[in-house]
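The values are calculated or read from the model by the stated rules, or taken from the named source; none is laboratory data. Remember, predicted model here, so these are calculated numbers, not experimental data. Heads up, the Cβs are rebuilt from the backbone with ideal geometry, glycines too, and the neighbour counts pull from every protein chain shown.
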Amino acid sequence: MKNLDEDIKLQVTNLTKDYGSNHVLKGINLTVKNNEVVVIIGPSGSGKSTFLRTLNKLESPTSGSIIIDKVDIAKKDTDINAVRENIGMVFQHFNLFNNLTVGENIMLAPVELKKENAKEATEHATKLLKMVGLEEKFDAKIQSLSGGQQQRVAIARALAMNPNIMLFDEPTSALDPEMVGDVLGVMKNLAKQGMTMVVVTHEMGFAKEVADRVVFVDDGQILEEGTPEQIFNHPQNGRLQSFLDKII
Ligand code: ADP
Ligand code: MG
(Lines give C-alpha, C1' and ligand atoms only; values in the text may rest on other atoms or scores of the structure.)
(Ligands and ions follow the chains in the order given, each with its own letter.)
Protein backbone atom coordinates (compact mmCIF):
# COMPACT_ATOMS: atom_id res chain seq x y z
CA MET A 1 0.00 0.00 0.00
CA LYS A 2 1.23 3.44 -0.86
CA ASN A 3 2.24 5.51 2.13
CA LEU A 4 0.14 8.70 2.18
CA ASP A 5 3.17 10.73 3.28
CA GLU A 6 4.76 9.95 -0.07
CA ASP A 7 2.24 12.31 -1.61
CA ILE A 8 3.20 15.25 0.56
CA LYS A 9 5.61 17.73 -0.99
CA LEU A 10 5.49 20.46 1.61
CA GLN A 11 4.29 20.52 5.18
CA VAL A 12 4.30 23.72 7.18
CA THR A 13 3.47 23.49 10.88
CA ASN A 14 2.91 26.34 13.34
CA LEU A 15 5.13 28.67 11.36
CA THR A 16 5.72 32.07 12.88
CA LYS A 17 7.85 34.99 11.76
CA ASP A 18 8.53 38.12 13.77
CA TYR A 19 10.35 41.22 12.66
CA GLY A 20 11.13 42.68 16.06
CA SER A 21 7.78 43.32 17.68
CA ASN A 22 5.93 42.93 14.36
CA HIS A 23 4.35 39.46 14.40
CA VAL A 24 4.02 38.91 10.66
CA LEU A 25 3.23 35.17 10.54
CA LYS A 26 1.16 33.97 13.47
CA GLY A 27 1.12 30.19 13.16
CA ILE A 28 0.67 29.01 9.59
CA ASN A 29 -0.29 25.38 8.93
CA LEU A 30 -0.34 24.24 5.33
CA THR A 31 0.18 20.97 3.51
CA VAL A 32 0.82 20.83 -0.23
CA LYS A 33 0.67 17.54 -2.06
CA ASN A 34 2.67 16.51 -5.09
CA ASN A 35 1.25 17.97 -8.31
CA GLU A 36 -1.03 20.28 -6.38
CA VAL A 37 -1.54 23.94 -7.28
CA VAL A 38 -2.23 26.10 -4.21
CA VAL A 39 -3.13 29.74 -4.74
CA ILE A 40 -2.69 32.17 -1.85
CA ILE A 41 -4.87 35.27 -1.77
CA GLY A 42 -5.18 38.02 0.80
CA PRO A 43 -4.80 41.74 1.43
CA SER A 44 -1.55 43.64 1.02
CA GLY A 45 0.66 43.43 4.10
CA SER A 46 -0.92 40.20 5.35
CA GLY A 47 2.35 38.24 5.14
CA LYS A 48 2.02 36.40 1.82
CA SER A 49 5.50 37.31 0.54
CA THR A 50 7.07 36.67 3.92
CA PHE A 51 5.47 33.23 3.95
CA LEU A 52 6.77 32.34 0.45
CA ARG A 53 10.21 33.65 1.33
CA THR A 54 10.43 31.44 4.41
CA LEU A 55 9.72 28.41 2.21
CA ASN A 56 13.18 28.60 0.65
CA LYS A 57 14.73 30.34 3.62
CA LEU A 58 15.19 33.74 2.06
CA GLU A 59 13.79 34.57 5.50
CA SER A 60 14.39 32.32 8.46
CA PRO A 61 11.34 31.39 10.49
CA THR A 62 11.01 32.47 14.12
CA SER A 63 9.42 29.14 15.07
CA GLY A 64 7.68 26.16 13.52
CA SER A 65 8.72 23.63 10.95
CA ILE A 66 8.85 23.56 7.16
CA ILE A 67 9.29 20.10 5.74
CA ILE A 68 10.05 19.87 2.04
CA ASP A 69 10.60 16.41 0.64
CA LYS A 70 10.98 15.13 4.20
CA VAL A 71 13.75 17.60 5.09
CA ASP A 72 13.03 20.21 7.79
CA ILE A 73 14.50 23.36 6.30
CA ALA A 74 13.69 25.40 9.40
CA LYS A 75 16.45 23.53 11.26
CA LYS A 76 19.73 25.37 11.54
CA ASP A 77 21.91 22.52 10.23
CA THR A 78 19.95 21.82 7.02
CA ASP A 79 21.96 22.26 3.81
CA ILE A 80 19.70 24.94 2.41
CA ASN A 81 21.57 25.18 -0.89
CA ALA A 82 20.78 21.57 -1.67
CA VAL A 83 17.12 22.15 -0.83
CA ARG A 84 16.95 25.36 -2.87
CA GLU A 85 18.08 23.54 -6.00
CA ASN A 86 14.72 21.81 -5.99
CA ILE A 87 12.69 24.97 -5.40
CA GLY A 88 12.09 27.44 -8.22
CA MET A 89 11.04 30.95 -7.27
CA VAL A 90 9.59 33.70 -9.44
CA PHE A 91 9.27 37.22 -8.08
CA GLN A 92 7.13 40.21 -8.95
CA HIS A 93 10.14 42.13 -10.28
CA PHE A 94 11.81 39.36 -12.35
CA ASN A 95 15.28 39.85 -10.73
CA LEU A 96 17.11 38.89 -13.94
CA PHE A 97 20.78 39.75 -14.52
CA ASN A 98 20.60 42.69 -16.91
CA ASN A 99 24.27 42.40 -17.93
CA LEU A 100 23.73 38.87 -19.26
CA THR A 101 21.77 37.68 -22.28
CA VAL A 102 18.54 35.72 -22.00
CA GLY A 103 20.33 32.41 -22.63
CA GLU A 104 23.10 33.24 -20.15
CA ASN A 105 20.54 34.03 -17.44
CA ILE A 106 18.93 30.63 -17.88
CA MET A 107 22.19 28.67 -18.11
CA LEU A 108 23.91 30.37 -15.19
CA ALA A 109 22.83 28.19 -12.26
CA PRO A 110 23.09 24.75 -13.93
CA VAL A 111 26.59 25.57 -15.25
CA GLU A 112 27.90 27.28 -12.08
CA LEU A 113 26.67 24.40 -9.94
CA LYS A 114 28.10 21.90 -12.46
CA LYS A 115 24.73 20.24 -13.07
CA GLU A 116 25.15 20.62 -16.83
CA ASN A 117 28.06 21.28 -19.17
CA ALA A 118 27.87 24.19 -21.61
CA LYS A 119 26.39 22.09 -24.42
CA GLU A 120 23.73 20.49 -22.22
CA ALA A 121 22.86 23.85 -20.66
CA THR A 122 22.47 25.45 -24.10
CA GLU A 123 20.15 22.69 -25.27
CA HIS A 124 18.16 22.83 -22.06
CA ALA A 125 17.85 26.63 -22.15
CA THR A 126 16.70 26.44 -25.78
CA LYS A 127 14.02 23.94 -24.82
CA LEU A 128 12.87 26.06 -21.88
CA LEU A 129 12.71 29.19 -24.03
CA LYS A 130 10.56 27.32 -26.49
CA MET A 131 8.27 26.29 -23.67
CA VAL A 132 7.74 29.91 -22.62
CA GLY A 133 7.30 31.03 -26.23
CA LEU A 134 10.59 32.92 -26.60
CA GLU A 135 12.79 30.59 -28.64
CA GLU A 136 14.02 33.44 -30.83
CA LYS A 137 15.30 35.46 -27.83
CA PHE A 138 18.25 33.28 -26.78
CA ASP A 139 20.87 35.95 -27.56
CA ALA A 140 18.72 38.97 -26.76
CA LYS A 141 19.65 41.49 -24.09
CA ILE A 142 17.30 41.51 -21.10
CA GLN A 143 16.64 45.25 -21.50
CA SER A 144 15.33 44.71 -25.03
CA LEU A 145 12.46 42.56 -23.74
CA SER A 146 9.04 43.65 -22.54
CA GLY A 147 8.07 43.05 -18.91
CA GLY A 148 5.97 40.05 -19.86
CA GLN A 149 8.85 38.56 -21.85
CA GLN A 150 11.25 39.17 -18.96
CA GLN A 151 8.91 37.40 -16.58
CA ARG A 152 8.71 34.41 -18.94
CA VAL A 153 12.53 34.33 -19.02
CA ALA A 154 12.49 34.41 -15.21
CA ILE A 155 10.18 31.38 -15.22
CA ALA A 156 12.50 29.57 -17.66
CA ARG A 157 15.46 30.42 -15.43
CA ALA A 158 13.66 29.08 -12.37
CA LEU A 159 12.93 25.86 -14.26
CA ALA A 160 16.53 25.39 -15.40
CA MET A 161 17.52 23.52 -12.23
CA ASN A 162 14.63 21.07 -12.72
CA PRO A 163 12.87 22.08 -9.49
CA ASN A 164 10.07 19.90 -8.20
CA ILE A 165 8.16 22.80 -6.67
CA MET A 166 7.67 26.33 -7.98
CA LEU A 167 6.85 29.37 -5.86
CA PHE A 168 5.37 32.44 -7.54
CA ASP A 169 5.05 35.77 -5.71
CA GLU A 170 2.62 38.00 -7.61
CA PRO A 171 4.31 37.23 -10.96
CA THR A 172 1.96 39.43 -12.97
CA SER A 173 1.47 42.39 -10.61
CA ALA A 174 4.19 44.52 -12.20
CA LEU A 175 3.07 43.87 -15.78
CA ASP A 176 1.03 45.95 -18.20
CA PRO A 177 -2.39 44.31 -18.59
CA GLU A 178 -1.74 43.05 -22.11
CA MET A 179 1.29 41.07 -20.88
CA VAL A 180 -0.51 39.24 -18.10
CA GLY A 181 -2.19 36.59 -20.23
CA ASP A 182 1.03 35.21 -21.71
CA VAL A 183 2.63 34.77 -18.30
CA LEU A 184 -0.48 33.15 -16.82
CA GLY A 185 -0.62 30.89 -19.89
CA VAL A 186 2.90 29.62 -19.21
CA MET A 187 1.98 28.98 -15.57
CA LYS A 188 -1.18 27.18 -16.61
CA ASN A 189 0.83 24.87 -18.86
CA LEU A 190 3.26 24.14 -16.05
CA ALA A 191 0.35 23.19 -13.83
CA LYS A 192 -1.02 20.92 -16.56
CA GLN A 193 2.33 19.19 -16.76
CA GLY A 194 1.99 18.33 -13.08
CA MET A 195 4.30 20.89 -11.49
CA THR A 196 3.63 21.42 -7.78
CA MET A 197 3.02 25.14 -7.38
CA VAL A 198 2.35 27.71 -4.65
CA VAL A 199 1.17 30.93 -6.25
CA VAL A 200 0.47 34.28 -4.58
CA THR A 201 -1.69 36.26 -6.96
CA HIS A 202 -4.53 38.73 -7.31
CA GLU A 203 -5.58 37.08 -10.58
CA MET A 204 -8.82 35.49 -9.43
CA GLY A 205 -9.54 34.09 -12.90
CA PHE A 206 -6.31 32.10 -12.70
CA ALA A 207 -7.17 30.94 -9.18
CA LYS A 208 -10.62 29.77 -10.26
CA GLU A 209 -9.33 27.94 -13.30
CA VAL A 210 -6.01 26.47 -12.17
CA ALA A 211 -5.99 26.15 -8.37
CA ASP A 212 -6.72 22.84 -6.71
CA ARG A 213 -6.97 24.77 -3.46
CA VAL A 214 -7.23 28.45 -2.57
CA VAL A 215 -5.89 29.74 0.74
CA PHE A 216 -6.97 33.07 2.22
CA VAL A 217 -4.34 34.74 4.39
CA ASP A 218 -5.10 37.77 6.52
CA ASP A 219 -3.00 39.31 9.27
CA GLY A 220 -0.46 36.47 9.24
CA GLN A 221 -2.97 33.66 9.54
CA ILE A 222 -4.82 31.31 7.23
CA LEU A 223 -8.45 32.20 7.84
CA GLU A 224 -10.00 29.89 5.25
CA GLU A 225 -8.99 27.38 2.62
CA GLY A 226 -10.92 25.31 0.15
CA THR A 227 -11.60 24.60 -3.49
CA PRO A 228 -12.06 27.64 -5.76
CA GLU A 229 -15.79 26.85 -5.75
CA GLN A 230 -15.91 26.96 -1.94
CA ILE A 231 -13.75 30.07 -1.58
CA PHE A 232 -15.27 32.19 -4.34
CA ASN A 233 -18.89 31.03 -4.30
CA HIS A 234 -19.41 30.09 -0.64
CA PRO A 235 -16.93 32.03 1.48
CA GLN A 236 -17.58 31.52 5.20
CA ASN A 237 -15.20 33.92 6.90
CA GLY A 238 -16.38 37.54 7.12
CA ARG A 239 -12.95 38.94 6.27
CA LEU A 240 -12.74 36.74 3.19
CA GLN A 241 -16.21 37.90 2.13
CA SER A 242 -15.27 41.56 2.41
CA PHE A 243 -11.91 40.95 0.68
CA LEU A 244 -13.71 39.33 -2.26
CA ASP A 245 -16.34 42.12 -2.35
CA LYS A 246 -13.54 44.64 -2.78
CA ILE A 247 -11.61 42.91 -5.55
CA ILE A 248 -14.20 41.15 -7.70
P1 ADP B 1 2.21 40.78 1.57
O2 ADP B 1 3.13 40.05 0.67
O3 ADP B 1 1.00 39.99 1.97
O4 ADP B 1 1.81 42.13 1.06
P5 ADP B 1 4.52 41.00 3.29
O6 ADP B 1 4.91 39.62 3.65
O7 ADP B 1 5.31 41.69 2.24
O8 ADP B 1 2.95 41.05 2.97
O9 ADP B 1 4.59 41.92 4.59
C10 ADP B 1 3.94 41.58 5.79
C11 ADP B 1 4.44 42.46 6.92
O12 ADP B 1 5.80 42.17 7.19
C13 ADP B 1 4.38 43.96 6.64
O14 ADP B 1 3.95 44.59 7.83
C15 ADP B 1 5.81 44.31 6.32
O16 ADP B 1 6.08 45.63 6.70
C17 ADP B 1 6.59 43.34 7.19
N18 ADP B 1 7.90 42.98 6.61
C19 ADP B 1 8.10 42.29 5.47
N20 ADP B 1 9.41 42.12 5.22
C21 ADP B 1 10.06 42.75 6.23
C22 ADP B 1 11.45 42.94 6.58
N23 ADP B 1 12.43 42.44 5.80
N24 ADP B 1 11.75 43.61 7.70
C25 ADP B 1 10.76 44.10 8.50
N26 ADP B 1 9.44 43.97 8.24
C27 ADP B 1 9.09 43.30 7.14
MG1 MG C 1 3.78 40.51 -1.26
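Points to keep in mind about this one:
- When Ile66, Ile73, Ile87 are screened for being within 14 Å of the chain's Cα centre (by Cα), away from ligand 2 (no atom under 16 Å from the Cβ) and surrounded by 18 or more Cβ atoms within 10 Å (Cβ to Cβ), only Ile87 passes.
- Residues located in the stretch 172-200, provided they are within 16 Å of ligand 1 (Cβ to nearest atom) and under 19 Å from Lys9 (Cβ atoms): Val198, Val199, Val200
One line per residue, one yes/no per condition, for (1) assigned to a helix (DSSP H, G or I); (2) within 16 Å of ligand 2 (Cβ to nearest atom); (3) at pLDDT below 95; (4) crowded, with 17+ Cβ neighbours inside 10 Å:
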{"site": "Leu184", "(1), (2), (3), (4)": "yes, no, no, yes"}
{"site": "Val198", "(1), (2), (3), (4)": "no, yes, no, yes"}
{"site": "Phe216", "(1), (2), (3), (4)": "no, yes, no, yes"}
{"site": "Gln236", "(1), (2), (3), (4)": "no, no, no, no"}
{"site": "Leu240", "(1), (2), (3), (4)": "yes, no, no, yes"}
{"site": "Phe243", "(1), (2), (3), (4)": "yes, yes, no, yes"}
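- No other residue among Glu135, Glu116 is closer than 28 Å to Asp182 by Cα and charged (D, E, K, R) apart from Glu135.
- Candidate set from the stretch 123-160 (those that are hydroxyl-bearing (Ser, Thr, Tyr) and in a helix (DSSP H, G or I)); member that is surrounded by the fewest Cβ atoms within 10 Å (Cβ to Cβ): Ser144
- Residues of the stretch 95-130 satisfying the condition of being in contact with a Pro (Cβ under 9 Å, 6 or more places away or on another chain) and under 13 Å from Arg152 (Cα atoms): Ala125
- Test: Gly205 is surrounded by fewer than 20 Cβ atoms within 10 Å (Cβ to Cβ) and within 28 Å of Asp18 (Cα to Cα): no
- The residues in the stretch 99-122 that are surrounded by 11 or more Cβ atoms within 10 Å (Cβ to Cβ) and outside any loop (DSSP other than H, G, I, E, B) can be counted, and the count is 14.
- Cβ pairs under 7 Å, 6+ apart, first in the stretch 33-50 and without any contact (Cβ under 8 Å) to a residue 40 or more places away in the chain, second in a helix (DSSP H, G or I) and small (Gly, Ala, Ser): none
- If only residues of the stretch 18-55 that are farther than 19 Å from Val215 by Cα and of a type in the set (S, T, N, Q) are counted, the one that is nearest to ligand 1 (Cβ to nearest atom) is Asn22.
- Only residues that are touching a strand residue (DSSP E or B) at 6+ places or on another chain (Cβ under 7 Å) and within 14 Å of ligand 1 (Cβ to nearest atom) were counted in the stretch 56-88, giving 3.
- Among the residues of the stretch 14-63, those that are within 16 Å of ligand 2 (Cβ to nearest atom) and part of a loop (DSSP other than H, G, I, E, B) comprise Gly42, Pro43, Ser44, Gly45, Ser46, Gly47, Asn56, Leu58, Glu59.
- For the stretch 123-148, taking the residues that are under 20 Å from Leu113 (Cα atoms) and not charged (D, E, K, R), the one that is nearest to ligand 2 (Cβ to nearest atom) is identified as Leu128.
- Unique residue being within 16 Å of ligand 2 (Cβ to nearest atom) and under 19 Å from the mean Cα position of the chain (by Cα) when the list is Gln193, Gln151: Gln151
- Residue match in the stretch 201-217 (condition: on the phi > 0 side of the Ramachandran plot, of a type outside the set (Asp, Glu) and touching a residue at least 12 places away in the same chain (Cβ under 8 Å)): no
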